[in-house]
Amino acid sequence: MCNRYLWSPEPRPDGHDRRLARVVPLADVGCNAGIAQEEMLRVSAETLTVVDNRTGERYEVPIQDGTVKAMDFRRMRTSADDFGLMVYDPAFTNTASCRSEITFIDGDAGVLEYRGYPIEELAEKSTYLETAFLIVHGHLPSAAELKEWTHNITFHTFVHENVRRFMEGFRYDAHPMGVLVSSVAALSTFYPDAKDVDDAASRDLQTWRLIAKVPTLAAFAYRHSRGLPYVYPDNDLTFAGNFASMLWRMSESSYVASSVIERALNVLFILHADHEQNCSANAMRAVGSSRPDPFVATAAAAAALYGPLHGGANEAVLLMLNEIGDVRNVSEFVKHVKAGERRLMGFGHRVYKNYDPRARIIKATADEVFDVTGRNPLLDIALELERIALEDDYFIERKLYPNVDFYSGLIYQALGFPVEMFPVLFAIPRTAGWVAQWREMVTDPEQKIARPRQVYTGARGQKYVELGRR
Ligand code: SDX
């Protein structure tokens, strides 16, 4: 009895270039028909041969794009009523959830590209709004496209007056990230048309609204936290210039940021715009997969970013540097890190096992900003932490290098932002990345509602006991 399974990859009926593989029990193809088994079993080099030692059965599993499909393991059963094998991967440390053309990262080489363009070139030559177009639409805009894109974003910077009143309901000391997450979700109630996620024109309109309004909400949250009146968008300014105006304009009739500050904001926004399947992008895709409007999905993504292990790390870095307080205390703090008692915030990364290329650019940008704002004294502590970490085996063995969050907070603080605003400043540019990931997901024929499996380890067969007898 032939108990081998031949995978016969076939082009997809819909002509899509991704291959399906189907199980063809050899018994069904007459493996006794005299055809040499090794010929029948001739499999491409792009397969895994899996032997299930529970049954002795062999499986050929196709390898595609460096992956095997988890569902291909479901057929590996011990009996007809066996559910089949699953793959177990808490926190998705080795699981690809999608195919994407947006951002490429080589963590070992410290490479980051948006749509194939190196981040170093974009940071040097592009603006945030142009890079946002690239991330969303997949190509650098022509002059006409950039003009239209800039108009569409600028045209949507205002929020409904009810949103402003909604934001005034927060406590005076409400964390601006909590205000931002709530306010972005509230936008969902103003744009019921956004539910039509299958309509391309609606997706474009919500894309403009989100990229345009998140900075306005962020600036309002900042002004709220300072007890200052809100400054409305000034549509005669650039994206970064308008953001600076909404943050810092006081009684003057118009506010013009220094070119160095505006440039620094553009560079920081470019560097934070997307980062493939990070925690918040995964939240955007997972929530978006049940097909609600993109405003509530973006709120979920911003909520994920808020965590200190993710975008909240820039705030945690400054709190850490303030706690260390002096360069002379650095080596003592590092001892606590190596003892596992503390985390070196702003260090380490799930993907980068080399210096985060963004951290290198931000570190260089910091010097330009400090020329205008004055040097941040905490920089000396940060530099000493980096020096020690890059020489110490504990960090070298764990491939812990500065990430995007290690130096960014020093710039934000030098610009006068309170540490609570730091994750908000991360969320503003990342909105373009979240929206691009969402657009790619809702139009991907391979995607459906995200619903992982589990390994159940709890009790079974419990009998209810009345309260009086417990
Ligand atoms: C961002 O994913 C993205 O792309 C995110 C991001 C983006 O642009 O979207 O790049 C933005 O979130 C950057 C990361 C910001 N977070 C921090 O700086 C917080 C501090 N860093 C970590 O907590 C940690 O490095 C993570 C969360 C970033 C990555 O965690 P992993 O991949 O799950 O690694 P791990 O926690 O399993 O750590 C592996 C080892 C462990 O040691 P052992 O238990 O094996 O002995 O390294 C140690 C960890 O204890 N370790 C650290 C450390 N980070 C990892 N030890 C001290 N300090 C750290 N920062």
Count - residues of region 331-349 that are assigned to a loop (DSSP other than H, G, I, E, B) and either within 7 Å of the ligand (Cβ to nearest atom) or not basic (Lys, Arg) (or both): 9
Among the residues of region 283-296, are any free of Cβ contacts under 8 Å to residues at least 40 places away in the same chain and out of contact with any strand residue (DSSP E or B) (no Cβ under 8 Å at 6 or more places or on another chain)? yes
Result of the Cβ filter at 6 Å on region 345-361, keeping first residues that are outside the structural domain of Val404 (by TED's automatic domain parsing) and partners that are within 6 Å of the ligand (Cβ to nearest atom), at least 6 apart or interchain, is none
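Rundown of residues vs (1) touching a Lys or Arg at 6+ places or on another chain (Cβ under 9 Å); (2) within 28 Å of Ala304 (Cα to Cα), yes/no style:
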residue: Arg203; (1), (2): yes, yes
residue: Thr207; (1), (2): yes, yes
residue: Thr216; (1), (2): no, yes
residue: Asn235; (1), (2): no, no
residue: Glu252; (1), (2): no, no
residue: Tyr255; (1), (2): yes, no
residue: Asp274; (1), (2): yes, yes
residue: Arg285; (1), (2): no, yes
Complete set of residues in region 404-447 that are closer than 21 Å to Arg263 by Cα and not in a helix (DSSP H, G or I): Leu415, Gly416, Phe417, Pro418
Identify the residue in region 354-368 that is modelled with pLDDT under 90 and assigned to a loop (DSSP other than H, G, I, E, B) and, among all such residues, is nearest to Val260 (Cα to Cα). Tyr355
Do you know which of the residues in region 297-318 that are away from the ligand (no atom under 11 Å from the Cβ) and hydrophobic (A, V, I, L, M, F, W, C) is modelled with the lowest pLDDT? Leu318
Say we look at region 271-294 and pick out the residues that are away from the ligand (no atom under 12 Å from the Cβ) and buried (at least 22 other Cβ atoms within 10 Å of the Cβ); which of these is farthest from Glu124 (Cα to Cα)? Gly288
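Residue by residue, here is whether (1) among the charged types (D, E, K, R); (2) in a helix (DSSP H, G or I) holds:
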residue: Glu130; (1), (2): yes, yes
residue: Val136; (1), (2): no, yes
residue: Glu145; (1), (2): yes, yes
residue: Phe170; (1), (2): no, no
residue: Leu180; (1), (2): no, yes
List the number of the failed condition for Arg430; all other conditions in (1) at positive phi; (2) surrounded by 15 or more Cβ atoms within 10 Å (Cβ to Cβ) hold. (1)
Out of region 219-252, which residues are aliphatic (A, V, I, L, M) and either within 18 Å of Arg164 (Cβ to Cβ) or in a helix (DSSP H, G or I) (or both)? Ala219, Ala221, Leu228, Val231, Ala240, Ala244, Met246, Leu247
Please list, ordered by first then second residue, the pairs with beta carbon atoms under 7 Å, 6 or more apart or interchain, first in region 307-321 and assigned by TED's automatic domain parsing to the domain that holds Gln413 and within 10 Å of Pro423 (Cα to Cα), second more than 7 Å from the ligand (Cβ to nearest atom) and of a type in the set (Val, Ile, Thr). Glu315/Val419
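Here are Thr189, Thr157, Thr216, Thr207: which of them is closer than 26 Å to Pro445 by Cβ, out of contact with any Cys (no Cβ under 6 Å at 6 or more places or on another chain) and either touching a residue at least 12 places away in the same chain (Cβ under 8 Å) or assigned to a loop (DSSP other than H, G, I, E, B) (or both)?
Going through Thr189, Thr157, Thr216, Thr207 in turn, the sole match is Thr207.
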Based on this model, can you work out whether Leu383 counts as more than 16 Å from the ligand (Cβ to nearest atom), over 16 Å from Gly307 (Cα atoms), at pLDDT 90 or above and not aromatic (Phe, Trp, Tyr)? yes
Any residue at all in region 91-111 that's closer than 25 Å to Arg285 by Cα, of a type in the set (S, T, N, Q), modelled with pLDDT of 95 or more and part of a helix (DSSP H, G or I)? no
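The values are calculated or read from the model by the stated rules, or taken from the named source; none is laboratory data. What you are looking at is a predicted structure, and each value in this text was computed from that prediction instead of being measured. Cβ coordinates were reconstructed from backbone atoms using ideal geometry, including for glycine residues, and neighbour counts include every protein chain displayed.
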